[in-house]
Amino acid sequence: MKLLEERIRKDGKIKGGEVLKVDSFLNHQMDVGLFAEIGKEFKRLYDGCTVTKILTIEASGIGIACVTAQYFNVPVIFAKKNKTKNIAGDVYSSKVESFTHGKVYDIIVAKEFLHPEDKVLLIDDFLANGSALMGLITLVREAGATLVGAGIVIEKAFQPGGALIRDQGVRVESLAKIAAMSETGGVTFCGA
Ligand code: 5GP
């Protein structure tokens, strides 16, 4: 998606070669006009697919998921990061290793919101090692729901998550795919 690639080039900040900061339009301040274009693009890519729920993860996926859901006309569920040691029985849960902090935490979704008849589209801001997306896939599988695919805003294709998840037969659509990045050389997109 050209508009997004241009924005990343203009406003993205590379930290240590592994982390891309996009706080000025995606992760802190949010450019809602850009979000609308992102939502439309996910709708175009998944046009013809039946989607009944969009599932994302707290917190940075929520804004993108909500705007995208307007084009699909379906509810959004965000998996909550579980803060207590005990997980109550009426939730689906899985484990995620945080890319930015390295810590492992549980994510949960209440059983009342995800059902076997649901057709679920996953949405997230970044795909790096794939742990967040795998955690969401596990929740969908636990619920016995159908996984339609995933929509990712920025995939760092030089990290292993994309290949890991596509190898499982899951459809992953990423709007900007970064082949390489460095503090000195900037960002190179796949296919550029
Ligand atoms: P993964 O689980 O695929 O390793 O990482 C995905 C999650 O980590 C995303 O939900 C996102 O919040 C965060 N993340 C991974 N890489 C980056 C990055 O380069 N920049 C930012 N801002 N977040 C990232």
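The values are calculated or read from the model by the stated rules, or taken from the named source; none is laboratory data. Just so we're clear, the structure is a prediction, and the values are computed from it rather than from any experiment. Ideal geometry is used to build each Cβ from the backbone, glycine not excepted, and the neighbour counts take in all protein chains shown. Side chains are part of the model used for accessible areas, which takes the heavy atoms of the whole protein and leaves out ligands, DNA and RNA. Shrake-Rupley method; radii C 1.70, N 1.55, O 1.52, S 1.80 Å.
Can you name the number of the only condition in (1) over 20 Å from residue 128 (Cα atoms); (2) open to solvent by less than 70 Å² (accessible area, probe 1.4 Å); (3) touching a helix residue (DSSP H, G or I) at 6+ places or on another chain (Cβ under 6 Å) that residue 56 fails? With respect to (1) over 20 Å from residue 128 (Cα atoms); (2) open to solvent by less than 70 Å² (accessible area, probe 1.4 Å); (3) touching a helix residue (DSSP H, G or I) at 6+ places or on another chain (Cβ under 6 Å), residue 56 is out only on (1). Looking across region 133-189, the residues that are among the hydrophobic types (A, V, I, L, M, F, W, C), part of a loop (DSSP other than H, G, I, E, B) and in contact (Cβ under 8 Å) with a residue 24 or more places away in the chain come down to 145, 157, 170.
Meeting the requirement of 2 or more residues that are farther than 16 Å from residue 127 by Cβ and within 16 Å of the ligand (Cβ to nearest atom), the strands (runs of 3 or more DSSP E) wholly within region 1-109 are 13-15, 76-81, 91-97. Of everything in region 59-84, what is closer than 20 Å to residue 131 by Cα, loosely packed, with under 13 Cβ neighbours inside 10 Å and of a type outside the set (A, V, I, L, M, F, W, C)? Give them in sequence order. Result: 83, single match.
Among the residues making up region 155-169, those that are surrounded by 19 or more Cβ atoms within 10 Å (Cβ to Cβ) and within 18 Å of residue 46 (Cβ to Cβ) are 155, 162, 165.
For region 17-53, the tally of residues that are open to solvent by 60 Å² or more (accessible area, probe 1.4 Å) and small (Gly, Ala, Ser) stands at 1. What are the residues in region 110-121 that are in a strand (DSSP E or B) and either out of contact with any Leu (no Cβ under 6 Å at 6 or more places or on another chain) or within 11 Å of the ligand (Cβ to nearest atom) (or both), if any? Selection gives 110, 119, 121.
Filtering region 123-154 to residues that are more than 7 Å from the ligand (Cβ to nearest atom) and open to solvent by 10 Å² or more (accessible area, probe 1.4 Å) leaves 134, 138, 141, 142, 144, 145, 146, 147, 148.
The residues of region 81-122 that are of a type in the set (D, E, K, R) and within 30 Å of residue 16 (Cα to Cα), listed by number, are 81, 83, 95, 97, 103, 106.
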